[in-house]
Each structure stands twice: as C-alpha cells, then as structure tokens.
1. Using the alpha carbons of the protein assembly as shown, what is the convex hull volume per residue in cubic angstrom, as a whole number?
2. Please rank A:ASP129, B:ASP162, A:ASP227, fewest neighbouring Cβ atoms within 10 Å first, as an exposure proxy.
3. Nearest 5 percent is fine: what portion of the DSSP beta bridges confined to chain A is antiparallel?
4. Once Rh is set to the Kirkwood radius over Cα pairs, what Stokes-Einstein translational diffusion coefficient, in µm²/s, holds for chain A at a temperature of 25 °C and a viscosity of 0.890 mPa s?
5. Going through the DSSP H helices of chain B, which span 15 Å or more along their own axis at the Cα atoms while scoring at least 1.0 as a mean Kyte-Doolittle hydropathy?
6. Put a dot 7 Å past each Cα toward the Cβ at A:PHE22 and A:THR90; how far apart are the dots in nm?
7. Identify all lysines with a Cα-Cα distance to A:LYS223 below 21 Å; exclude those on the same chain that are fewer than 8 residues away in sequence.
8. Taking the beta-carbon count within 10 Å as an exposure proxy, list A:ILE127, A:ILE193 from fewest neighbours to most.
Amino acid sequence: MMIGPDEDIEIRLLLDAIYHRFHYDFRSYSMASIRRRLAQARAQLGCETTSRLQERVLHDPQTFPRLLQFLTVQVSDLFRDPSFFAMLRTEIVPELRTYPSLKVWVAGCSTGEEVYSLAIAFREEGILDRTTFYATDINPDALRKAEAAVYPLERIPTFTENHRLSGAPTSLSEHYTAAYGSAVLDRSLRKQIVFSDHSLATDSVFAEVQLVTCRNVLIYFDKALQDRALGLMRDSLCRRGFLGLGTKETLRFSSHATAFRQPSLAEQWYQRC
Amino acid sequence: MLRRERIADVEAGRLEAVVIGTSAGGINALGVILPALPAETPFPVVVVVHMPPREASPIVSVFKSRCAIAISEPRDKEDVTGGVAWFAPPNYHLLVESDHTFALSIEAPVNHCRPSIDALFESAASAYGRHLVAVVLTGANEDGAEGVAAVREAGGIVIVQDPATAEMPLMPRAASARAQPDAMGTLQEIAAVLRAGAIARHR
C-alpha cells in the first residue's frame with residue numbers, strides 16, 4: 001500500500017472533489033480507515049493513483065456509485081454483540097413499555113441488519129406494533145438491500161446463534177422464510193420501518209425519538225464529526241431517551257458526555273438527562 | 001541473533017512505538033516479550049493476536065497479572081499513550097491515526113483475519129514513519145507480511161522471530177521474505193532488545 005504525505009494530499013483533494021460534485025461529505029472521516037478503503041478501491045477500479053481515481057470520479061458517471069460502495073462500510077450481522085440486545089431486553093424495554101407509541105432511529109443502518117434485529121426484539125417483547133423505526137443511511141444501494149430484507153442462508157447460523165445469546169424467547173426461524181438459498185425476513189417487520197437517506201455529516205434532526213442506535217458508525221468519523229453526529233442524536237432524543245453505541249465506542253471523549261448518564265453497567269447504553 | 005545497525009537505535013530508546021503481530025502460539029510468545037517490559041516503558045506497544053471473534057477477550061486479564069507494563073484494550077479515539085500494551089479488541093481492526101489516537105473498524109476481514117496485523121502495521125507505518133518498530137512472532141498464516149513491507153517503506157524497523165525457533169514458522173517466514181528484517185532471533189533476544197529500548201532513557 002502506498003503511504004506518506006503525498007498520498008494524504010491526493011486523498012484530501014479527492015474527498016473535496018466528491019463533496020463539491022456529489023455532496024457526499026467524507027472530509028471528516030477517519031483518515032486511517034479512508035486510506036485503507038481507497039487502496040482497495042484503487043486496486044478494484046484499476047487506478048494506479050488516487051489522482052487518477054479522482055479524474056475518473058469527475059468524468060465517468062459510473063465511477064462514483066462504485067466508489068461509494070468502498071467508502072461506506074456494509075458489514076454487520078443480525079444481533080451483532082448479543083449482550084447489547086440482552087441489555088436492551090432487561091434494562092431498556094421496561095422503560096420503553098411505558099410509552100403509548102415509540103419512535104426509534106437507527107442511524108447508519110447500512111443493509112438493515114441492525115434495524116431488523118431491533119424489530120425482532122421489539123416483537124418478542126410485545127412492543128413492535130406501537131413502534132416506528134427510522135432507518136437511515138447515505139448509501140442508496142445499502143438502503144435498497146435493507147428494504148429487500150433478503151440475506152444469504154449461509155449467514156443464518158451466525159445470526160441464529162447471536163439471536164439465541166441475546167436472551168430471545170423465540171426461535172429466529174419464526175421471523176424469516178428460507179427460499180432459493182436466501183432468508184427473507186418477515187414482511188410484518190418491514191411494515192414498521194421507514195428507510196430514508198440521511199447524512200450525519202450534512203443533514204439535521206428530523207424527529208423526536210425515544211431510542212437511537214448508532215453502532216460501529218462513529219468509529220469511521222474523526223472527533224469533530226463524531227461530535228456533530230452525537231449532537232444530532234442528543235437533540236433527537238426525548239428526555240430519558242436511550243442511546244445505544246458499539247461495544248468499543250464511548251462518549252468519554254465527546255463534548256456531549258454530560259448530556260447523558262449511564263443507566264447500567266453496560267458500557268454501550270446511555271440515557272439522555 | 002541476526003542484527004543490523006539500526007537495532008542499536010532501538011536499544012538506545014530512539015523509537016516512538018512498537019507494534020506486534022502474532023497468531024497461533026502467540027499467547028505463549030507474548031508471555032516472554034511483554035513481562036520483560038517495565039511499567040515505565042516510555043512508548044506504546046500495540047498488539048494484534050488472532051483470536052476467535054467473541055465479545056469479551058480473556059487476553060487482557062491473562063496478561064495483567066503477569067506484566068509490569070499496563071495492559072489495556074483501547075476504546076475508539078483513545079490516545080495511544082506509552083507505558084501500555086494495547087490489545088486489538090476481538091472482531092475489530094485496530095488502526096492508528098496520524099494524531100496518535102486509535103481508530104477501530106469493522107471493515108471486512110483481511111487474510112480472513114479481524115483484527116488484521118497488516119491493517120495495524122500499515123496505519124502505524126503511516127503514523128510513526130521511521131520511529132516505528134514492527135515485530136512479527138509465531139503464526140500459522142501470512143498476515144503481517146504486507147504490513148512489514150509498509151513499515152519498511154516508511155523507514156521503520158522490522159524485527160522477526162527466527163522461524164526456526166517459532167512455534168509456528170509460517171508467519172515470521174512470510175514476513176522476513178517480504179521485508180529483510182533488521183533483527184531476527186529468539187523470543188528472549190527480541191525481548192532483550194525491546195527492554196533495552198524501554199529502559200534506555202532511565203539509565
């Protein structure tokens with residue numbers, strides 16, 4: 001992999017070009033991660049340098065949609081980190097039950113695994129019907145896949161094990177139909193979800209919600225963009241609303257830390273003061 | 001021990017960070033290296049050990065009781081401070097930013113591995129340049145070979161466990177084939193070099 005100051009100059013120029021031409025703002029993304037993804041993109045798209053990639057992005061309309069797949073990360077599982085969902089069931093749901101209607105925001109939903117996991121857990125806990133989920137992402141391809149709710153069957157064993165470890169009272173197989181090598185999630189889950197294009201870097205608050213989850217999204221942002229995104233989540237949450245972050249993410253280094261308290265020993269759950 | 005002149009820089013404490021990569025046999029190997037480092041080790045030691053992906057890693061507790069140097073698993077954006085051996089959390093890539101903070105990633109596995117040694121080494125090479133020491137120990141795959149090449153290209157120092165003395169020779173062999181090591185030796189010899197570097201400024 002090519003590294004060094006020149007490479008970083010080319011990357012900054014490319015990200016500027018993308019922002020001005022396509023209004024996608026990757027300029028405050030974690031540089032270490034962007035470097036890796038652009039190295040993969042250059043290899044796959046056959047561009048020797050980032051400058052050549054920039055030229056293609058600006059002059060060949062097919063290139064940017066392909067590059068976007070490298071720049072946005074789409075790796076998740078149903079019930080990733082089962083203890084997160086176990087804590088949701090035991091610590092968070094009892095308080096959510098007290099609301100007559102619920103709104104949940106899944107920020108950076110990618111291909112949908114997180115929002116469907118929440119929907120399945122909400123159904124198991126008996127609060128699905130009163131809930132609207134807003135699942136947002138910047139990648140239109142990922143949103144289309146999320147809406148389709150079809151996952152390869154070979155991923156089901158991992159999903160099933162995660163689901164079981166999350167303390168689920170039902171079997172995962174009650175929530176999907178297997179057909180032609182794929183698992184199609186139950187349509188009644190999909191009915192409660194609104195998928196939408198939304199950028200944590202450039203868009204603003206769109207609803208008041210009782211729960212936000214944003215797991216393994218902030219890790220790709222620099223500190224300034226993390227603060228912007230967390231500010232949106234803070235402003236979206238009602239008083240006593242909950243914020244769920246990734247296992248290795250923390251509010252400790254954020255300027256919004258004082259707006260939240262931790263209701264339990266589980267590091268990844270926060271509650272709005 | 002095979003050694004070239006720049007190892008004297010390491011022993012004199014002229015380094016800013018150490019990165020270590022290992023897989024099969026790695027826990028035993030680190031059990032020789034890490035206990036040799038004093039609590040006052042001025043530089044950070046960042047470690048990737050390939051482990052089965054699970055939520056809570058037992059590694060931190062395994063080494064805490066046996067080491068003077070602090071043992072920790074970083075949170076996203078935490079400073080890469082000295083005096084700590086930082087372990088990549090299971091199922092995440094661990095990267096170092098140019099401002100010497102940690103960045104985590106769940107990008108696809110590299111060489112079937114997450115965390116990947118290559119991913120850590122390449123980012124650290126970019127962040128520390130010639131002041132980085134990269135160490136490859138026992139392992140049963142070739143992760144780390146591209147990483148040491150990036151470290152070498154950025155002017156850093158490469159130390160590899162002698163494959164003949166490694167529990168699993170494949171990983172150190174692939175690394176030394178990809179970048180001629182500045183030192184190649186036993187675990188005890190590598191531990192002595194790093195320890196010398198860690199206490200150099202206190203002498």
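1. 146 Å³
2. A:ASP129, A:ASP227, B:ASP162
3. Of the beta bridges lying entirely in chain A, close to 40 percent run antiparallel.
4. Calculated translational D: 125 µm²/s.
5. Details: long enough: B:117-128 (16 Å, 0.70); B:187-199 (18 Å, 1.24).
Qualifying helices: B:187-199.
6. A separation of 4.4 nm, rounded to one decimal place.
7. Partners within reach: A:LYS248, B:LYS77.
8. Values: A:ILE127 16, A:ILE193 23.
Exposure proxy ranking, most exposed first: A:ILE127, A:ILE193.
Values quoted throughout were computed directly from the atomic coordinates according to the rules given, and no laboratory measurement underlies them. Since this is a predicted model, take the numbers as computed values, not measurements. Neighbour counts run over all protein chains shown; Cβ positions are idealised from the backbone, glycine included.
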